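Right, one structure below, let's go through it.
The values are calculated or read from the model by the stated rules, or taken from the named source; none is laboratory data. All of these numbers come straight from a predicted model, not from anything done at the bench. Cβ coordinates were reconstructed from backbone atoms using ideal geometry, including for glycine residues, and neighbour counts include every protein chain displayed. For accessibility, only protein heavy atoms count, side chains too; no ligands or nucleic acids. Shrake-Rupley method; radii C 1.70, N 1.55, O 1.52, S 1.80 Å.
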Amino acid sequence: MGDFNVALVIVAAVVSVLVLLVSVYLLVNYQHPDDANQAYFPKLVVVLGLTVAVLAILMLPADVANRQACRKAIYNGACNLTLPMKTLWLVAYIVDAVLVFLVIPFAMFYYEGDQDKSVGKRLRTALMWVVASAVVCGLVLGILYGLVGKVDFTVRHLSSTVQTFPNSFSGFSSGQPCFSQLPRVCAASTAPANSQTTWTMRATFPEYVVALTTIVGSVLFTIFGGVGIACLPLGLIFSFIRRPKAVITRSQYIKEATELGKKARELKKAAEALHQEERSGNKGRKWRKNVKALEKELLLLEDDMKALEEMYPQGEQAEATWAFTVLGYIGKLIFGVVGLIVSIAWVAHIVIYLLIDPPLSSFLNEVFIKLDGVWGLLGTAAFAFFCFYLLIAVIAGEMMLGLKLVFITIHPMKWGGTLMNSFLFNVGLILLCSISVIQFCATAFAYYAQATAAQEIFGHTLQSLRGIKYLYKYNVFQYGFVALAILTLFYYAIFVSPFHQVLSQ
């Protein structure tokens, strides 16, 4: 079958089914009991969104494997590619954009609508909000595409006359690289610096939608990902350091539980006061700020209650519960150390390969290539793991900033306790940032992912779009990512580390 790889098609089909099953599994186990046997449309959106986001990440390794069919071809067009990756990329990201800007907002408006209203009224309200958002987004996209939706490629103009093909090549040398030394015959070899020019063409509308969506996602990815790549492993490690060392006594448990009960009653009074203000129609900026602050306090109270239950396990299986608690903290330490190694490798790779010009080394690119030499899919698996790690870091960063900053709404993901609006918010964040993660990985691992369809979209078209290209030309997102990672490291060292707790005492 020539270059066509049947095994790649089979693997792609099997992985797609597995991703769908894993998405359903996560939904079933993370959903809140109050959402059981209801909210089917938001659940369908969550499963679809998770599946699209994960498959989008896996498409880049698949793109690399797809290009392996061309490794013996003289040029890229001289082979029969197994999968139409460029078309698949555009379809995946158009679906991604539709889910993020239309479907997920509709599902959230519907889910958070007034439960006293009928289903029809809730649907109309959600539809009105989404249509208004779609009109605004459509106008912005249309105006921008009409005004600046062009690609400016920097090219070098080369030309020469046509010469008869020589019978012998013995006369060629470094001093005589061409057929003849007549004027313009050697233009391609001796082109002056002023032959460089700009070639302008209009980008396709799907590519422009992907580009603008990537910009929005890149801003969020830079903020949340930069913070998360540091706080994710450090949070796990410090959680192990601050773990309960032994089971507390019953009197200590009663004392701590009494304090938590007192705090819970205070929060209940605050919630009732806010509910009374809502009924009276006083829902201004101050009210919304107080609601967000209350939500954070409730989340911290739940964490304190969970910590107290860990320190004083009850029931017939108390000893077994304590053993599992200890094992859980050991697991956090292991994952924290592994995550710290991955985070350091990521930051080092960005600095070595992207920020320093010319790059000091291809670093992780070489690692992946060597792993592929050990076993065909080992490098691909490592490559996919590094991309997924960035997505997990985004969620960790959003959670941390949500706890520290009042203007960011927090949407925690809890096993068996995640409401659909939090599910939808985090899925939307994952979808939006997955585009940027792919672009970031395609740039960071350009040597490993060379000549792929992703490189064509993200490495050439996106980085040459008028008005946008300067963000990539000067590595704005990469510098922001590294800067926030370093600031988060200092924050943990100064305010969260055990050394700070000793000084504060």
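Assorted remarks:
- Cα-projected label distance for residue 334 with residue 294, points at 7 Å along beta-carbon direction, nm: 4.3
- Extents of segment 250-311, largest first, come to 46, 15, 12 Å (Cα atoms, principal axes, whole angstrom).
- Looking at segment 250-311, the accessible area is 77 square angstrom per residue; that uses a 1.4 Å probe and ignores ligands, DNA and RNA.
- Spin-label pair residue 318/residue 201, simplified geometry with 7 Å Cα→Cβ offset, distance in nm: 7.4
- Using a Förster distance of 45 Å, the FRET efficiency for residue 385-residue 270 (Cβ separation, nearest 0.05): 0.55
- For segment 250-311, the dipole from Cβ point charges (+1 on Lys and Arg, -1 on Asp and Glu) about the Cα centre works out to 440 debye, to the nearest 20.
- Residue 37 versus residue 476: modelled label distance in nm, points set 7 Å from Cα along the beta carbon direction: 5.2
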